[in-house]
1. Specify whether the C-alpha gyration tensor of region 79-209 places it in the rounded, prolate or oblate class, a ≥ b ≥ c being the square roots of the eigenvalues: rounded for a/c under 1.5, otherwise prolate if a/b is larger than b/c and oblate if not.
2. Could you run the Karplus curve 6.51 cos²θ - 1.76 cosθ + 1.60 with θ = phi - 60° over region 185-190 and give me ³J(HN,Hα) per residue in whole Hz, x for Gly and Pro?
3. For region 112-209, what % of the accessible area comes from carbon and sulfur atoms, probe 1.4 Å?
4. Suppose each label sits 7 Å from its Cα in the direction of the beta carbon; what would the residue 49-residue 23 distance come out to in nanometres?
5. Once a ≥ b ≥ c are taken as the square roots of the eigenvalues of the Cα gyration tensor of region 91-165, is the result rounded (a/c under 1.5), prolate (a/b larger than b/c) or oblate (a/b not larger than b/c)?
Amino acid sequence: VETLLRYNLLPTDGKRRQIDGIAAPAFADGMVERLHRKNERCRMYVNPALDNQASALPLDLTPQRRFTMGGGWFEQPADTFVLTWDHPELQVIGPAPTPTQKLDLCLAYAIGSTSTSNTGTLVKDEMLRGNGVGQQDRVEAMDLAVRRAQGAGHSTIGAVGYSDSFYPFPDGLEVFIKAGVSAVFASRGADRDAEVFATAERAGITFVT
């Protein structure tokens, strides 16, 4: 119950939260009825493997196949990377991320990295605020995430942003900066990385790469 309250699944302000599904190792007596929504719109999933968070059991390790023309396919390992802050290749440009920013960036990474590219993701207070998915360029992805967040009545000031690949130019990052984000996570490897990093530094935000 404490966990559900923390993530606003059991609101104390009298307002209902829209929940499409809840996955848990088990449900205590009465919780399914308490979380029930009209027309069965909230699906309850029981997966005992989720109880063992210290192991790789919750991860899908099945190799992924993508089918091509003529009935062929290519196979690749499952994307099971989990963002950890002690990763040796992780770099932080600008102010060190706060504990709150770290939690929000982890959630933004989990959502954005499993969305269709190009993707821009905004998270604030451990909740997804906007996700711009499947855009033709990175600027549009960031812009769509901002518009969806603000269009739903969310403030983007202090949110964290995620890009599912590097910024080839500073313009994509600038969209998030104008929206008031405090931290951004993106990969590196573009020819203009130095310009992108300098843009983040001038804005005074945290850039994790």
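1. Details: a/c = 1.20, a/b = 1.12, b/c = 1.07.
Because its axes are fairly even, with a/c under 1.5, region 79-209 counts as rounded.
2. After applying 6.51 cos²θ - 1.76 cosθ + 1.60, I find 10, 7, 6, 10, x, 7 Hz.
3. Working: 1990 of 4220 Å².
Ligands and nucleic acids excluded, carbon and sulfur give 47 percent.
4. Taking the simple label geometry, residue 49 and residue 23 are separated by 0.9 nm.
5. Values: a/c = 1.79, a/b = 1.28, b/c = 1.40.
Taking the square roots of the gyration eigenvalues as a ≥ b ≥ c, region 91-165 is oblate.
The values are calculated or read from the model by the stated rules, or taken from the named source; none is laboratory data. Not measured: the values here are computed from a predicted model. Cβ sites come from the backbone with ideal geometry, for glycine too, and all protein chains shown count toward neighbours. Surface accessibility is based on the protein's heavy atoms, side chains included, excluding ligands, DNA and RNA. Shrake-Rupley method; radii C 1.70, N 1.55, O 1.52, S 1.80 Å.
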